[in-house]
Structure formats: structure tokens, C-alpha cells
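Structure, as C-alpha cells:
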Amino acid sequence: MVDASLSAPRGRRPCWSRPTAWSLFTYGSAALIALPILVVLSHVFVPTAGVWSHLASTVLPGYIASSLWLMLGVGVGTLILGVGTAWLVTLCRFPGSRVFEWALILPMAIPAYVIAYTYTGLLDFAGPVQGALRAVTGWGHDDYWFPDVRSLPGAVAMMTLVLYPYVYVLSRAAFLEQSVCVLEVSRTLGAGPWRCFFTVALPLARPAVATGVTLALMEALNDFGTVQYFGVNTFTAGIFRTWMGMGQPAAAAQLAAVLMLFIAALVLVERASRGRGSVQHTSTRYRELPRYRLRGGAAALACMFVFVPILLGFVVPATVLAVWAVESGPHMLDARFLREAENSFALAAGAAVLAVAVAMGLAYGVRLHRSRAMAIAARIASMGYAVPGAVIAVGILIPFAAIDGWINDWTRAHMGVRVGLVLSGTVAAVMFAYLVRFLAISFNAVESSLDKVTRHMDDAARTLGHGPFATLLRIHLPITRGSLLTAAILVFVDVMKELPATLLLRPFNFDTLAIRAYLLATDERLADAATPALAIVAVGIVPVILLSRAIAKSRPGALAHDGAAAAAFAGPVR
Amino acid sequence: MIDSGSDVLRFEGVSHAFGAERVLDDVSFGARSGELLCLLGPSGCGKTTALRLAAGLEELQTGRIVVDGLAVARPGVQVAPEKRNVGMVFQDYALFPHLDVLGNVAFGIRDRDTEARRKRAFEVIEQVGMRRFADAYPHTLSGGQQQRVALARALAPKPRLLLLDEPFSGLDARLRAQIRDETLNVVRETGTSTVIVTHDPEEAMYMADRIALMNAGRIEQIGSPVELYTKPVSAFAAMFFSSINRFVGRVVDRQVSTPFGRVAASGLAEGQHVEVLIRPEALHVTRTAGSPAVGAARAEVLSVRTLRRATLLHLCCGDIDGTHVHARVPGRYDAAVGDQVDVAVDRSLAYVFPLDAASATSRKP
């Protein structure tokens, strides 16, 4: 009826507009959220009395090597699993392909450290697998070789199993978006399925695949629980050891700065691989993709290729956790567990509300002003997702501790008392870290949902006597309510799972479910760790359901998919 | 010229640019209280920007805008749109999707009392004939119904000034005429001062008390529809309202020669290159009866197109250089291709403008 472009703003916007409450809020948030990263980077220049040179000559090469191997392994693993499964379920038809389509994202519900604990319990010497092997064969403990899960390859396998869905979801969406015509043309030109895949579909999907792999690698670098438990010395593990073990915050910050180099390199590679490939789809006609119908052996192979990741990434660990939880549950479900669940819930709910509120403020501010400076500030504010939790924690703890020091100096000088820790080691510090890290998720969801409100609706509300804030309350909030809830749920779940930042910043004796699972596993009480771990997985299922609903809707022909979950998910590396 | 005392909206030397693109260039005009003024012009001439500036949706850069005697925008002062009491109807209606018709219309009513708000909302809904749809949601309404709701919503707070931005462009031709009539009636009934932006000259002539014709960010001419049609001040103004016959010539003895005889070129320099514009209905076509009448030219009929209320003839004036002209005659005209006819010109509808660089750039509407 009416051209959609009518609602687009006309003309170019000024780079700078007069400061208002909204713009001050936007610049303030951007500055606050950039603070931890700036702190970390600035510590490159802080002298550390030989600690750094000591690190550099001893452990640093090992950190670099492990991190690179981990990235390489997880990158290749998620690429093969993610793209392979996506191609099979979108363009081939075989028994169960419809179910696999959404089941393939189930492993996302399991944090890497949880899957690491379950497989360790399952596969180590005393575990059921090796036990059964010995019982069947009659071997003694020195008679056979069995792969050690607690190793670098083990860590790669664990992370690949839970991180491949990032690649899967994005490549699947990319395959779906490819117009049928392009694929049909390549088939009429005589290209078989394999050639079609490698010469047409994959190059067209490359930007999405690159984004997916980048997200998976960022998660891999962020991981602390798995590498710590497996004794793999990546940067994150090194930051913890330098900070907690050696008590050298400045050196930890320097390690964090080097880790940031890795992240920056990742982002640059991702940008470059998308850069020229900003693929324009030449046709906008969509309909049911002509799927290759697989039969017999091919169908069985396809089934297996798709089912194995689900089996190993979700079914096995979830079952093991459930069995352990039943065994250990009765004595684990005590007052302490409830208190931890309460802590987790309160932190997650608080962070979710805060992240969505700040994101709404940012997105609405950008919308009101439409100035380039504010758009850039909002981008900076949503950068934190790329930064590992350990780096953020270090970047928060250093300035907070310094501020606490000043406050105490001042109060002692003027009032003769010490007020103790005001910022560091409080829930405020933990919340700040969550906000820095997860604002991107809520911001992208909120921003994309605001597209539902046309500019003219804003204008109409204004000419009808409502100011910017009243307009936000009466127009934008009601219209985007559903998406805001989705965004809040996504942040909620990510906070439930978060380990490294919580571990570094939490107040003394303040435990969450994730912390408890980590502590119990570190004490080799894997069965006991199952109860909090299972609780985390159960909560983690919620966004998976949301995402799978979005996926079900995003089949060709019904391409108008619910943007919020997808945007929040794919957005962080934009 | 303009009785600025009764102006409900006045632009004084307003200029506006988006980046390097200048969209309004020293625009001054006034809309009188109670009148319906049309801002007419080709797309990109700045008319929508002018409307948005009046509503406060764009920030003023240069000049002054006065609404109801109050300078709402001048350098350094910018009254927010919500404080201007100016109603606006958008091209895409921009109804709020989460509110029903009643909710949409009541949105802007300032009454604190809920019952008073409700009463006023129903009053306006009644006025636009949407009573039956008071609890319908926008997406269930047709384009015409949405337009009525948008109009009701804008009128509900009793604005000092109503602004309509291409309000009928989203409707198909048949519906457009009907909705246009209805809108005109409602606006007249309420006596609201109104400014309508449109690119359609027919619409402007049909609705407006006065038309402000805009071109490339400037006001080309302002006046009643009849004035603009019969006394255009420029070639652009003449050409914007209809397709037109155009001849080029030079002023000789304060006259220009055309295939239909000489036309007065008063006030133009001798020897000046000029263009002569003659509206199709200024050509009076009669059947050839013997020798041509005085001042008439002989022409051959090339084609006959019967329109709704007129007939369009394509003619070839053979006696000079085979000039192709269009004539519009009222009613049906019985002629066959190849017929010889006499053509005379109503000189009051023939316009002469100097041909120079400035007018050369603004030739085609």
C-alpha cells in the first residue's frame, strides 16, 4: 500500500547535535562501558617490576600456543559441524530432517564447563565407560590406552560440541535467504549438489559463516571453566593464575591486553572476510527450497552426521547430569542450594532489567538524535560482547579498587574511619561487568525491535502533544514489549551461565549456581556438581526454545521471522 | 501583499539544508486563518520539509516560523512539536498499531478527565464517519478508513493548524476523489486552518483556497487556483498545471510570432529570445469552411483522443514548419484523422516568458 521508504528519515543527519538528557546518557554509557577495556589497554604501559618479563620468558609462549591451538581446533570443528549440518537440513530431505532442524541448537543450552565436567566423569579411569571396557575385556589399568579428556584436544572437542550451533544457526539462515533462483540456475547449468554447495551456496553464505565462527571463537577465548578444569593454559586461565595465584593485577591486565589483541584480530578477520562479500541477493523471490531427496545409504549417513552432534552435545551430557542429579540430589537440594539459586536469579534478573533499560535508553537516544556521533557511541557501548569476561573483570577491579582506596584515604583523613569496600567486591561490580558484557545482546534486540515503530509514528505522537519520554512510554514500549522480554530472557540466561567475571568480582562468600558447580567440580565432586549444573541447563533451554521458534518461522515462504532473538544472537559482531 | 496580521502560519526567510543539499531557499509565505493552503510542487522541491519545519519535526536552521502570532522557531529558539498544538496527517497515516481507533483518536486529547476525552474522541470519530469502527485495530482497516482515522486523530486536540502531507497518495484513484471530498468537508466544518502538501496540481486546484507553488526550494508563485492557472508568473508555473504548447521566438515590435499569429510580449526587450506557452484549451478549433478566419491557422488532425469530459486533438500546423500542437476541446469533438481544421488562439491564455538560463533549467515540471 504505502512504500516502506516513506517512513525513512530524509536526508543526511548532522554529525553533532545539541546535548540533551538522551545524548548525555548515550555518551555516558559508552564511556562507562569502554572504561574496563581502556583500563586494560592502558596497563600495557604500567611497569610491573620484572613480572612481565618473567611471564614473557616462561609461560607466555605457552598461553599463546594453547590459545591458538584452541582457536584453530574450535574454528575448524564448528565450521565443519555447523555448516555441514546446516546444509544437510536446509537443502536435503531425509528422515527426521525437520526435527533435526531445531534439535541442532539444543547443545547451546549447555555451558562448556558443564559439558566438560560430564565427559570427565563419564570417560575418566573410574568412569562408567572405562569401567565397562575393563569388565568386558578383563584388562587391567595398564593394559590399554584411552584418550584423556582433560587435555587440549579434549577442550577443543567439548567447546566444539556446544559452540557449533552459532555457526549452524547463522549458516542455516544464510542458506535459506539465498534465493531459490540462484540455486536453480546453478542446477540447470549442470552443477550437482556438491558443486552447487562449494561454488554457489558456500560463497554466498560466507559472511554469515564467518560471523558464526567468530562468535564461537570469542566464546572459546572467554571460557574459563573448561580450560581451568582441563589444565589447558590459555590466556583466560593465565589471567586468573596471575591475578589470584601470583597477586599481580597489573601483569594480569597486561595478559588481558594481549588477549584483546587476539579478539581485535578476530574481529578484523571477520570484517575482512565479510567486507568485499557484502553479498547482494540478486532475486527476492522465495519459496520452498527444492531439496535433494536422500535415500538409502546417503540418507543414513546424513542422519548420522546430523544426529551425532545432538547426541554428544546434548543428549549424553543432559542424561548424565540427570542421572547424577538424581543420585546426589537429595542431599544437594539444601538451604545452600536455594540461597545460590536465589543469588543467581537475583543477579540475572537485575542484570536483565538493567541491560534492557540501558539498551532502550541508548537505542531511543540514537533514534531521537540521528547523529553520527551518537550512533558510534552506541556501537562502542555494545562492544563488550567481544571482550572475555576475565578481561572485563580485570578492567573493572583495578579502577574500582583504586577508587575504594581513595575513598578510604579520604574518610580516614576527614572522619577517622575506614568505610571498607564500597565498589570492588560488591554486587555492584558484578552487575557492572554483566552490563558491559551483555549489553550488546539487549541493544541489538531492542534496536531491531524499534524498527517496528516507524519514524512517522514518533512524529505523530509528538505533534499530538507527547514529549520524547511520554512517547517512549506510550508508543515504543507497548509496541516492542515482546521483543524486550525476549532480550531480557537472553541476558538472564547468559548471566546464569557466566563464570569468569562472577568468579573474579563476586563479594566474599557470595555463591551462584555456576560458581557452586565450578567449585564442586574443582573438588572432584562431579556428581554433586550435577544439581546446580542441571539447573543452569534447564534455564538455558528457554532461549533455545525462543530461537527454535524463530527458526521454525524462518522457513522459506514464511521469511518474516521474529527479529529480536535472531538479532540479539547475530548482532554482537556487527 | 500578505495581510500578516491574520496569518495562522508564517514562514519568514526560511532556508534549510540536509548536509550539502539545500532543500529550502529563503522561503517566505503565510497561511491565513481559516483558509486551506496547498503547498504544491514536484517531488524534492522542499514542500514536505517546509511542513515538517512548521510542525517542529525538523530543527529550523535559518529564518523564522510564526504559528498563531507566536514565533515557534527562530535561531536559538525551537518550540518542541508537542508544544505547538499543530495537528499533522502523515502520508502513511502512522496510526499506532497497538491502539484501537478510539485509542488512536483519544491519544492527543489533552483533557484530564477520561470521560471528556472519550466524548471528544467519539465526536471526531463520528465526524469522519468511523463510529462503527471505534474498537477496530488499524491493521483491520482499509486504506481509506485508516486515512479517516488519521484525520480524526489529528483534529481531536482541536489544533490551531492542521498539516496534511500527501494525505491521499496512498489511495487508488477512485477512492482518492471520495476521501478528498470527505476530508474537505470535515476540514471546512471544523473551520481549521489547513496546509496540504501535494504534488498533484489537480488536487491542489480542487481543494485549495490558495496555492503556494514551490520549485527547487523556492516559492515560485502564491495565489488563488485561478490566478495560478490563468496568470502564471513563470514558464515553470505555466507548465506545472497542464501539458502545454511551447514555441520559441524573438520579440519583434513588442510581439512574438507563433504558428497562430502574433502574441503580445509587453515589457520584454526588443530582440529578446522568448518562449510562448499556450494551454491546450486556449486553442479554439473549428471546422474549415472556405478560407481561414482572421487570426486563425489551418491545421491537420493527427489523432483524436476522447477523454472523460473533453477531447484531445493532436494537430499539425502545416503552413509554417509542421509544428505539432495539442488542443483540448470541451465535450466530444467529431473529427477524423486527416481532417483540416482552423485553429484560433485565446490570447489571454498564451504566456510569453524570456528564455534565459534560469528558466531553461526549470522547464519541465
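At a glance:
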{"read-out": "Set of aspartates and glutamates with alpha-carbon distance to residue B:119 below 15 Å, sequence-local pairs under 8 removed", "value": "B:111, B:135"}
{"read-out": "Relative contact order of chain B, defined on C-alpha pairs under 8 angstrom at six or more residues apart (%)", "value": "15 percent"}
{"read-out": "Exposed GluC sites (Glu not before Pro) absent: longest stretch of chain A, with sites in DSSP loops and at most 16 other Cβ within 10 Å deemed exposed", "value": "A:1-287"}
{"read-out": "Relative contact order %, segment A:68-178, counting alpha carbon pairs below 8 Å whose residues are six or more apart", "value": "53 percent"}
{"read-out": "DSSP-loop trypsin sites (Lys or Arg not before Pro) across segment A:327-426, with at most 16 other Cβ within 10 angstrom", "value": "A:370, A:418"}
{"read-out": "Within segment A:434-536: Cβ-based charge dipole about Cα centre, in debye rounded to nearest 20 (Lys, Arg +1; Asp, Glu -1)", "value": "340 debye"}
{"read-out": "Longest segment of chain A lacking chymotrypsin sites (Phe, Trp or Tyr not before Pro) that sit in a DSSP loop with at most 15 other Cβ atoms within 10 Å", "value": "A:146-507"}
{"read-out": "Built amide H within the under 5 Å cut-off of residue B:88, gap 5+", "value": "B:163"}
{"read-out": "Mean separation of Cα contacts under 8 Å (6+ apart) over length of chain A, as relative contact order %", "value": "24 percent"}
{"read-out": "Only Lys, Arg (+1) and Asp, Glu (-1) charged, at Cβ; chain B dipole about Cα centre in debye", "value": "480 debye"}
{"read-out": "Rg and Dmax of the protein assembly as shown, Cα atoms only, in Å", "value": "36.8, 129"}
{"read-out": "Average beta-carbon neighbours from other chains, 10 Å sphere, peptide A:465-478", "value": "3"}
{"read-out": "Computed [θ] at 222 nm, helices only, for chain A once each DSSP H run of length n ≥ 4 contributes -39500 (n - 2.57)", "value": "-23000 deg cm²/dmol"}
{"read-out": "Antiparallel %, DSSP beta bridges [both residues in the protein assembly as shown], to 5", "value": "75 percent"}
{"read-out": "Cleavage-rule hits, trypsin sites (Lys or Arg not before Pro), segment B:57-145, DSSP coil, Cβ neighbours within 10 Å at most 14", "value": "B:110, B:112"}
{"read-out": "Neighbour-limited loop hits for GluC sites (Glu not before Pro), segment B:215-281 (at most 13 other Cβ within 10 Å; DSSP other than H, G, I, E, B)", "value": "B:270"}
{"read-out": "Listed residues A:35, A:475, B:146: farthest to the positive end of the dipole of the protein assembly as shown (Cβ charges)", "value": "B:146"}
{"read-out": "Difference of contour (0.36 nm per residue) and Cα-Cα distance, residue A:331 to residue A:346", "value": "3.0 nm"}
{"read-out": "Helical mean residue ellipticity (222 nm; -39500 (n - 2.57) per DSSP H run of 4+; nearest 500) of chain B", "value": "-6500 deg cm²/dmol"}
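Values quoted throughout were computed directly from the atomic coordinates according to the rules given, and no laboratory measurement underlies them. Here the structure is a predicted model, which is why all the values come from computation and not from measurement. No Cβ is skipped: glycine too gets one built from the backbone with ideal geometry, and neighbour counts run over all protein chains shown.
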